[in-house]
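These notes are about the structure you will find just below.
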Number of protein chains: 2
Amino acid sequence: MSGKKIKTMEELSQLSGISRPTLSKYFQDPKSVRESTKERVETALEEYDYRPNIFAVNQNRKLTRTIGILVPYLADPFFAEIVRMIERQCIDAGYWPIVFSAHGEKEMENNALSTLESLRPAGALVAPLGRGSDIDVVQRFADAVPTVVFDSNVPVGQAFVGSDNFQSIPLIVDYLCRTGEPPCFFEMPPVNPNANKRREAYCLAMERLGHDPMVIQVAGSDWGFERIGLEEGVRLIDSRGLPSNTVLCSNDRLAIGLLAAAYEKGLRVGHGPGCAMRIAGHDDHPWAQFTCPPLTTVSQDYKAIARRSLSVLFDIIKGENVPDEREETLFEGKLVLRASA
Amino acid sequence: MSGKKIKTMEELSQLSGISRPTLSKYFQDPKSVRESTKERVETALEEYDYRPNIFAVNQNRKLTRTIGILVPYLADPFFAEIVRMIERQCIDAGYWPIVFSAHGEKEMENNALSTLESLRPAGALVAPLGRGSDIDVVQRFADAVPTVVFDSNVPVGQAFVGSDNFQSIPLIVDYLCRTGEPPCFFEMPPVNPNANKRREAYCLAMERLGHDPMVIQVAGSDWGFERIGLEEGVRLIDSRGLPSNTVLCSNDRLAIGLLAAAYEKGLRVGHGPGCAMRIAGHDDHPWAQFTCPPLTTVSQDYKAIARRSLSVLFDIIKGENVPDEREETLFEGKLVLRASA
DNA sequence: CAACAAATTTTTCGCGCGTAAAATTTAGAG
DNA sequence: CTCTAAATTTTACGCGCGAAAAATTTGTTG
């Protein structure tokens, strides 16, 4: 193998004796050419270092094999983890994933959407900011690109995949009520629909059990949940503002902050004897198992969400099993019992 | 504004009465055309919805305005955070950042490098896997693309930007020795050069203070540091294998795991009375301030690293201030004193 | 060996834009 | 109003490849 760098398909064609259009077919789908030809191409490829020019390919193809992925905040472990899974599955499926993050800001989300659209992707997986999104912009994007929305269910795109808050929240509310004082609900900033749904689900679950809902709203509208949990937590503990010694946080990051607040205030957290309060979260973030104490929470099925989002998207791209209406897939959460509640 | 979608520059040229080459100039640099023309273009742009075709642009430009960013593990908060800053600064500088993650795997790193190279980026910021990298592959990449290496100093590329482990580690070793029992060193899996440098720096610092270094090596070679910290920590505590009640972890994620281990074993962590052990980390990860107890650590200057990496890269791209030899910039760490040590 | 379909090659065109050179217009100074 | 340099337009070409149609070769079947 000379490893000689080849720049164009034309060159490779001359050097290998295979016609350029045939090479073109090969690179679009190796199985589309005769087996013997496939081998000849691959022999040539071992000899020479060549990759089709991405730009030329994408300019001419009617449909690219790019999959756009947009998340609201990539530094959030939930999204980091789910993007990791999506990327891997994209590659395995022969697509080219390209990741954007809105960094929590509307303007950047719009930018990313605009850039993404100009990439003419085969499809897109979008977790919108939610309340912070320009719905019209997301809508226009989804009109132009086959789009599956995940995590944050804004009514856009051909399908939605996410968690069933109305199943998962009651699950943990039931557990907490059964094992101790009914929980109050420590709400995350309402950055997206999940925030509101979780609150509603909490209230419903509490009422169904005959308890009065106790919702604690927090100031702030950004994605620094831990900080909010810590600062608000300290304030609440100092002012004795917690209506219950059991706190259900609307996500794990908030719970991590509250855990830190309790620690700072010398409150022992857990369900054992000598514990002053119980704290539970939601999502089973990658780090929830490493908090002190380890966090009791409800898991979201990351892998299932990633897998399902992509398979629905691929179906839409291929025109298979395309439902008439917007399809919503909700995965159930599972109770993850640890020491914190 | 009609918002009519325009597909080609040709169309826009006809509709606006401005010649296509002039439009082309405008899109490459708005300031390169006469002020009055600039305004005419911008008026037309308000009227019509048009963006130059990315693929056509990049195919023809000698140099793209793409900046490739490759990190070993995007789900690591350190990288998530630094990527966030780099992305933002790229955009502000008029470049187009595109992020890749190796997900901790050599094969994916090579893939990303290959894809990135075929994107013909103006330059790249690469944090290699380190020990897990195919140095030859990274080398070949750096030969083809102006490359600044950060975080993990493999001897490749035109420049390196990172932290000065030989300054930061002694800083915290001194502190720990001054305020209590000299620390043992809980080593991260040697995934990259930082791992070894930190161990060396620790040993040197201890010897300088007249103490015997105590290094604890751990099994494992993956990026799940918290898990390793937890599992190894539990094992060490159970077997009384910790040679000191003060443990310096080679990074915060490991420390977070060890903190969880101590909690599980009922060991109180901190420097106050009644504390059984002290734990310190390195990096000042975004979540280090929310652990229980909050983690004493040495900060890496994320923003400075991001800023410097980019400015060096831009200089190289523009051909300004290009040093003759590979240039290394090391930032100093700062002691971040919290409750854990 | 004839016959036929599949695979391949040949030929030709087009994608949307960058770029260079030559021709023309514009703006500002005198 | 004239002159000159800068800006702009015109013209022409090329980038590397996808795609379609027609011509040719290949492999398989009877």
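The values are calculated or read from the model by the stated rules, or taken from the named source; none is laboratory data. These numbers were taken from a predicted model, which means no experiment stands behind them. With ideal geometry, Cβ positions are generated from the backbone for all residues, glycine too; neighbour counts draw on all protein chains shown. Ligands, DNA and RNA are excluded from the accessible area calculation, which covers all protein heavy atoms including side chains. Shrake-Rupley method; radii C 1.70, N 1.55, O 1.52, S 1.80 Å.
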Open item on the list: Name the residue from A:Gly274, A:Val126, A:Ala255 whose Cα lies farthest towards the positive end of the charge dipole of chain A, charges +1 on Cβ of Lys and Arg and -1 on Cβ of Asp and Glu.
Closed with: A:Val126
Open item on the list: Test of understanding: in a Gaussian network model of chain B with alpha carbons linked when under 10 Å, which of B:Ser16, B:Ser114, B:Ser250 would top the mean-square fluctuation ranking?
Closed with: B:Ser16
Open item on the list: Tell me the accessible surface of B:Tyr175 in square angstrom (1.4 angstrom probe, heavy atoms of protein chains only), to the nearest ten.
Closed with: 20 Å²
TODO: With a bin width of 20 angstrom, please list the P(r) values of the protein assembly as shown as percents of all Cα-Cα pairs, from the 0 bin to the one holding the largest distance.
DONE: 17, 46, 31, 6, 0
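Which value results for Rg/Rh of the range A:165-299 when Rg is the Cα radius of gyration and Rh the Kirkwood radius based on the inverse mean 1/r?
Using only Cα positions, Rg/Rh for the range A:165-299 is 0.92.
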- [ ] Using R₀ = 45 Å, calculate the FRET efficiency as 1/(1 + (r/R₀)^6) where r is the Cβ-Cβ separation of A:Ala93 and B:Glu320; round to 0.05.
- [x] 0.55
- [ ] Return one number: the angle in degrees, 0 to 90 and rounded to the nearest 10, between the long axis of the Cα atoms of helix B:165-179 and the longest principal axis of the Cα atoms of chain B.
- [x] 30 degrees
- [ ] Would you calculate, for chain B, the mean residue ellipticity at 222 nm contributed by helices, counting each DSSP H stretch of 4 or more residues as -39,500 (n - 2.57) and dividing by all residues, to the nearest 500?
- [x] -14000 deg cm²/dmol
Open item on the list: If I compute solvent accessible area with a 1.4 Å probe over the protein chains, what percent of it on the protein assembly as shown is carbon and sulfur?
Closed with: 48 percent
Open item on the list: Just want to confirm a number: the relative contact order over the range B:240-341, from Cα pairs under 8 angstrom separated by 6+ residues, in percent.
Closed with: 29 percent
- [ ] Could you check what % of the DSSP bridge pairs in chain A are antiparallel, to the nearest 5?
- [x] 10 percent
Task: Relative contact order of chain B, defined on C-alpha pairs under 8 angstrom at six or more residues apart (%) - done: 15 percent
- [ ] Calculate how steeply helix B:193-208 sits against the longest principal axis of the alpha-carbon atoms of chain B, using the helix alpha-carbon long axis, and give the answer as 0 to 90 degrees to the nearest 10.
- [x] 40 degrees
Open item on the list: Quick check for you: with a 1.4 Å probe and neighbouring chains kept, what is the accessible area per residue of chain A, in Å²?
Closed with: 42 Å²
Open item on the list: Over the range A:165-299, what is the relative contact order in percent, taking alpha-carbon pairs closer than 8 angstrom and at least six residues apart?
Closed with: 23 percent
- [ ] With a 4.7 Å Cβ cut-off, tell me which Cys residues in chain B come up empty for a partner.
- [x] B:Cys90, B:Cys177, B:Cys184, B:Cys203, B:Cys249, B:Cys275
Task: Total accessible surface hidden between B and A, rounded to 100 Å², 1.4 Å probe - done: 4500 Å²
- [ ] Using only the alpha carbons, work out the radius of gyration and Dmax of the range A:1-107 in angstrom.
- [x] 18.2, 53
Open item on the list: Compute the angle between helix B:252-264 and the longest alpha-carbon principal axis of chain B, please, reported from 0 to 90 degrees and rounded to the nearest 10.
Closed with: 40 degrees
Task: Estimated distance in nm for a label pair at A:Glu207 and A:Glu264, the labels positioned 7 Å out from Cα along Cα-to-Cβ - done: 3.5 nm
Task: Total lysine pairs whose alpha carbons fall under 26 Å of each other in chain B (8 or more apart, or interchain) - done: 23
Task: Rounded to 5, percent antiparallel among DSSP beta bridges of the protein assembly as shown - done: 10 percent
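How large is the charge dipole for the range B:152-296, taken about the Cα centre, if only the Cβ atoms of Lys, Arg (+1) and Asp, Glu (-1) carry charge, to the nearest 20 debye?
The dipole of the range B:152-296 has a size of about 200 debye.
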Open item on the list: Principal axis extents for the range A:4-52, Cα atoms only, whole Å, descending order, please.
Closed with: 25, 17, 16
Task: Whole-angstrom gap from the range B:58-78 to the range A:302-341, using each part's C-alpha centre - done: 30 Å
TODO: Could I have the simple spin-label model distance between A:Glu328 and A:Asp134, label points 7 Å from Cα toward Cβ, reported in nm to one decimal?
DONE: 2.7 nm
- [ ] Note the direction-averaged projected area, equal to a quarter of the hull surface, for the Cα convex hull of chain B, in nm².
- [x] 20.8 nm²
Open item on the list: With θ taken as phi - 60° and the coefficients 6.51, -1.76 and 1.60, list the Karplus ³J(HN,Hα) couplings across the range A:317-328 in order, rounded to whole Hz; mark glycine and proline as x.
Closed with: 4, 7, x, 9, 6, 7, x, 5, 9, 4, 9, 10
